[in-house]
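The structure under discussion appears below in the form of structure tokens.
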Amino acid sequence: METIFNQSIENRQVIDMIYLSEGKHWSQRSVRVIKNHPDAVLAYCLQKRSVRTFLKKNIYSADIQRRNKRNRTDAS
């Protein structure tokens, strides 16, 4: 996941992640990482429209957001 966090910072890419909140609720977030700390990630959360801190121990998956297929146009 470190590579994904760093790639988000360097290329200003949005990542999708699955996260377990402090209240023990699962959530899926789309974020752009601002800073990668040893134990946490500082990121702009697109859902909450604010900067949030996510503990790495509570991030269960993260991947670069793929383009939505509905936004593509077919050449044929």
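One residue is enough: does region 55-67 have a residue meeting the conditions out of contact with any strand residue (DSSP E or B) (no Cβ under 8 Å at 6 or more places or on another chain), more than 18 Å from GLY23 (Cβ to Cβ) and at pLDDT 95 or above? Checked against the condition, which is being out of contact with any strand residue (DSSP E or B) (no Cβ under 8 Å at 6 or more places or on another chain), more than 18 Å from GLY23 (Cβ to Cβ) and at pLDDT 95 or above, region 55-67 yields no hits at all. Taken over region 8-66, the residue count meeting the criterion of being of a type in the set (Asp, Glu), part of a strand (DSSP E or B) and out of contact with any Ser or Thr (no Cβ under 9 Å at 6 or more places or on another chain) is 1. Scanning region 1-51 for residues that are in contact with a Cys (Cβ under 8 Å, 6 or more places away or on another chain) and surrounded by fewer than 17 Cβ atoms within 10 Å (Cβ to Cβ) gives SER30, VAL51.
The values are calculated or read from the model by the stated rules, or taken from the named source; none is laboratory data. Here the structure is a predicted model, which is why all the values come from computation and not from measurement. Cβ coordinates were reconstructed from backbone atoms using ideal geometry, including for glycine residues, and neighbour counts include every protein chain displayed.
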